[in-house]
Amino acid sequence: MTKTEDKELLLLFRDPVTKERAFTQLIKKYQEKLYWHIRRLVVEHEDANDVLQNMFIKVWNSLENFREDSQLYTWLYRIATNESLTFLEQQKKRSAVPILGEESDLSNQIRADKHFDANRLEWKLQLAIQQLPEKQRVVFNLRYYDEMPYEEMSRVLETSQGALKASYHHAVKKIEDFIINH
Amino acid sequence: MRRDLNIVRELEEISTAVASVPAETPYRVPAGYFDTLPEVILANVIARASDETAIVELSGKQPVFEVPDGYFEGLADEILAKLPEQAEQTAAEELGLLSPFLASAPKNTPYQVPPHYFETLKIDITTEEQPVAKVVSMNRTRLWVRFAAAAALLLMITSSLYFFTERKAGFDAVVKQGLKINTEAKFEQSLAEVDNKDLVQYLKATSIGGLEDDNLPAMVESSSLPEETEYLDEEFLDFYLEELEKEVTTTIN
């Protein structure tokens, strides 16, 4: 992901002739990263697909006015994160088990996955992640899976680096505790 | 997948257990999903953009869609015809449509009731009388106050009138008495100023029934004039004149 490539894509996008081609290229460049970021939050593929579609529609509508005061992928991650959290909020309201909360709902979805294996650590890790508060989940995922620098993360989540480091530290401790005890 | 060493070291410092977990997301993706995703998203975007354009055209008050002939004439009847069907729907059916979860949930209220509560409740209802709350009318109090105020006012007016008239009567009497005294005092003063000779001549001229002229002065001199206080009384004056006449008659005889 180079800045030059992103700048070129933006120029192409702003040209009506090349707008659609630029947009397609943009999607191809960021689709997997953004998809997995969303998927780790919402768990189900169908839900992740819906959120991803909505997210790119917003990109199509807003990219022309992108001010370039941050990197393009930071901006894309921010939209993806917000769309995912909004989706989870809506799911919480529609949830059939409001008392237990959304964490229980997503944990059940993980266990319901046909490839789920409780003995495998990576599945346990997914269950452990669902025990975290929403924002802490995002912090952990961005740092652990996307290896995003704290500086970049602070722009995505609009939170100080110190707070993000502390949040990541607490998240890891909670996950460790879950994995050891389950 | 090659990991960032800084990230790995950081994780190992916090938790070796978590650091040992493979950093792979175990979720599966449908085959060829990412291959067609860009085209799918683009088509979606363009379709939505077209919808928005159609909405913009509509807002320009240009009719875009056609409506069948007579559509609105029969619309009300069509809707009314559907209403009885919906009304027949039971509460359970309605709940089933709105929320299958609630419809499947047991309808037991989990609250506990003390033993024999309803049995004792029946007895309590039949033996106890409900106390009737006292109703105090505000208007009644006000009415009584009104009457009392009116009576007090009337009493004041009557008393004032009474005392006023009494005073007036007393005052008039005093005034009359005063005037009488004043008039009579002036008369006596005038009489005292009259000379005896003139008085005798007057008496002769008026002639009070057979009185001798020569005796009149003596009679006048000898008779004592009534006291001032007696002079005021008419009855005394009459009496005095009678006595005077008797003396005159006796002297002549």
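A compact table of results
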| item | result |
| --- | --- |
| Single match in A:D69, A:D117, A:D146, A:D105 (criterion: among the charged types (D, E, K, R) and within 17 Å of the chain's Cα centre (by Cα)) | A:D146 |
| Selection within region A:9-32 - more than 11 Å from chain B (Cβ to nearest Cβ), part of a helix (DSSP H, G or I) and open to solvent by 30 Å² or more (accessible area, probe 1.4 Å) | A:L11, A:L12, A:R14 |
| Any helices (runs of 4 or more DSSP H) falling wholly within region A:116-182 and containing at least 1 residues that are open to solvent by less than 50 Å² (accessible area, probe 1.4 Å), within 9 Å of chain B (Cβ to nearest Cβ) and touching a Gly at 6+ places or on another chain (Cβ under 7 Å) | none |
| Boolean, A:E89 is surrounded by fewer than 16 Cβ atoms within 10 Å (Cβ to Cβ), part of a helix (DSSP H, G or I), away from chain B (no Cβ under 14 Å) and without any contact (Cβ under 8 Å) to a residue 24 or more places away in the chain | yes |
| Which numbered condition A:E64 misses (of (1) open to solvent by 60 Å² or more (accessible area, probe 1.4 Å); (2) within 19 Å of the chain's Cα centre (by Cα); (3) touching a residue at least 24 places away in the same chain (Cβ under 8 Å)) | (2) |
| Residue within region A:99-111 that is open to solvent by 60 Å² or more (accessible area, probe 1.4 Å), within 26 Å of B:A47 (Cβ to Cβ) and in a helix (DSSP H, G or I) present | no |
| B:G60 vs. criteria modelled with pLDDT under 65 and either open to solvent by less than 90 Å² (accessible area, probe 1.4 Å) or over 27 Å from A:M55 (Cα atoms) (or both) | yes |
| Residues that are facing chain A (nearest Cβ under 7 Å), open to solvent by 60 Å² or more (accessible area, probe 1.4 Å) and at pLDDT 90 or above, drawn from region B:5-29 | B:R28 |
| Matching residues, region A:42-52, being assigned to a helix (DSSP H, G or I) and buried (at least 16 other Cβ atoms within 10 Å of the Cβ) | A:V42, A:H45, A:D47, A:A48, A:N49, A:V51, A:L52 |
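The values are calculated or read from the model by the stated rules, or taken from the named source; none is laboratory data. Computed from a predicted model, the values in this text were never measured in an experiment. For neighbour counting, all protein chains shown are included, and Cβ atoms are generated from backbone atoms with ideal geometry for every residue, glycine included. Side chains included, ligands, DNA and RNA excluded: accessible areas come from the protein's heavy atoms. Shrake-Rupley method; radii C 1.70, N 1.55, O 1.52, S 1.80 Å.
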